[in-house]
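Undergrad: Here it is: the structure, laid out below.
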Amino acid sequence: MAVPIKHVLGILVDNLSIRGSVMPLSRSSSVNWAKGLNIPRGGKTVIYTGLMYQLMPSIIAMEKMTSKFADSWISNFYGVGRMVNKVISITPFMTWTNASERERFNSILHNIAKLLQVANVDFGYLYDEEMYAGALVHDEGINDVFEAHAHKVYERLKKHNVERVITVDPHTTDMLKSVYPKIIKDYQLEVKSYLEVLAESNLKPLKKLEQDIVIHDSCVYARYEGIIDQPRQLLENAGAQIIEPINTKKMTYCCGGPAESLFPSKARTVADSRVEQLASVGDKSVTMCPICFVNIRAAAETKNLSVKDISDYLVDAYCDQ
């Protein structure tokens, strides 16, 4: 008995239509990462998380649950769960997360904002009015639901007079920069990844990393958005020695995502293959996507390979700790 993909995907799609995100988050889960940073609310330029890093603990929990019950009689009741979910959200029961995981992903967002501040970038944040960008539903081809949601996101941004967006992950970057303009008439929004912004800022390192780091390119950044040189520039300027694995840059190898919630075993097989490639050339690796981080970190648990988000290295080099 396999994972009931139709019903699991249906729950995610219903959540987006009814609650604005594939996995609804509390206000604290969405914005706690910004505590202590004194980021102003709103503004013409905003940092836009798209809730991707915040959603990762829930996605991890859902993957564990779907894997556990894939061959269980419980999978027969996912259809009932979807019907209930249309009235009362069952997501909290499907995605029970722990505080340490939430803190781990919050720290990545905290790092990114600190880096932008050190680079003297003037930006605000929409806090609890920020919306999920819809990448998962787009990737699964649920076009009518995705397009309706994209218009809501854009209307929210224009309501707050946002003109420029600094994104923090490849999927949100691709949605706002390349996908939305194709479906929204007269789309006017300047979108850049924080890696592009930092690379353009002439930011100076405060200390040298002096480490060999195996780089794993995000397929979305590298293939869709051409963001390849910027992460290398930032790491190399800080003294890191970049090690290129087999399948790198535009030819990068998939991490297994974003299929981990629907096809957990297949996603893990792909991630295992990628970890083998990375571990064969070094013992420290870097990712720049929350989905890559989750899948590669999990597959690397039994290998001699440490996995960090690129922001961990950059904040160590460029920020006064």
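Undergrad: Do we have Lys308 as without any contact (Cβ under 8 Å) to a residue 60 or more places away in the chain, in a helix (DSSP H, G or I) and touching a helix residue (DSSP H, G or I) at 6+ places or on another chain (Cβ under 9 Å) here?
TA: no
Undergrad: Out of everything in segment 131-144 that is part of a loop (DSSP other than H, G, I, E, B) and over 15 Å from the mean Cα position of the chain (by Cα), what residue ends up being surrounded by the fewest Cβ atoms within 10 Å (Cβ to Cβ)?
TA: Gly141
Undergrad: Quick check: is even one residue across segment 247-262 modelled with pLDDT of 95 or more, among the β-branched types (Val, Ile, Thr) and in a helix (DSSP H, G or I)?
TA: no
Yes/no matrix, rows are residues, columns are (1) crowded, with 19+ Cβ neighbours inside 10 Å; (2) in contact with a strand residue (DSSP E or B) (Cβ under 8 Å, 6 or more places away or on another chain); (3) within 18 Å of Thr49 (Cβ to Cβ):
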position: Val121; (1), (2), (3): no, yes, yes
position: Phe146; (1), (2), (3): yes, no, no
position: Leu157; (1), (2), (3): yes, yes, yes
position: Ile166; (1), (2), (3): yes, yes, yes
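Undergrad: Pairs under 6 Å by beta carbon, first residue within 13 Å of Gly257 (Cβ to Cβ) and outside any helix (DSSP H, G or I) in segment 268-283, partner of a type in the set (Phe, Trp, Tyr) and at pLDDT below 95, six or more apart or different chains?
TA: Filtered contacts from segment 268-283: no entries.
Undergrad: Let me ask another. Output the number of residues of segment 301-321 satisfying the condition of being under 18 Å from Thr248 (Cα atoms) and surrounded by 20 or more Cβ atoms within 10 Å (Cβ to Cβ).
TA: Residues in segment 301-321 being under 18 Å from Thr248 (Cα atoms) and surrounded by 20 or more Cβ atoms within 10 Å (Cβ to Cβ): 4 in total.
Undergrad: To continue, here is another question. For segment 189-214: of the residues being polar (S, T, N, Q) and either in contact with a helix residue (DSSP H, G or I) (Cβ under 8 Å, 6 or more places away or on another chain) or surrounded by 13 or more Cβ atoms within 10 Å (Cβ to Cβ) (or both), which is nearest to His171 (Cα to Cα)?
TA: Checked segment 189-214; the qualifying residue nearest to His171 (Cα to Cα) is Ser193.
Undergrad: Quick one: Asp144 ticks every box in (1) closer than 29 Å to Leu305 by Cα; (2) at pLDDT below 95 bar one, so which box is it?
TA: (1)
Undergrad: Still on this structure: With respect to Leu235, is the statement that it is in contact (Cβ under 8 Å) with a residue 60 or more places away in the chain, outside any loop (DSSP other than H, G, I, E, B) and more than 27 Å from Met175 (Cα to Cα) true?
TA: no
Undergrad: Which condition number does Arg297 fail, the rest of (1) touching a residue at least 24 places away in the same chain (Cβ under 8 Å); (2) more than 27 Å from Ser178 (Cα to Cα); (3) under 15 Å from the mean Cα position of the chain (by Cα) being met?
TA: (1)
Undergrad: Continuing with the same structure: For segment 218-243, give me each residue that is touching a strand residue (DSSP E or B) at 6+ places or on another chain (Cβ under 8 Å) and either buried (at least 19 other Cβ atoms within 10 Å of the Cβ) or within 16 Å of Tyr194 (Cα to Cα) (or both).
TA: Once the filter is applied, which keeps residues that are touching a strand residue (DSSP E or B) at 6+ places or on another chain (Cβ under 8 Å) and either buried (at least 19 other Cβ atoms within 10 Å of the Cβ) or within 16 Å of Tyr194 (Cα to Cα) (or both), segment 218-243 yields Ser218, Tyr221, Glu225, Ile227, Gln230, Pro231, Arg232, Leu235, Ala240.
The values are calculated or read from the model by the stated rules, or taken from the named source; none is laboratory data. Computed from a predicted structure; not experimentally measured. Heads up, the Cβs are rebuilt from the backbone with ideal geometry, glycines too, and the neighbour counts pull from every protein chain shown.
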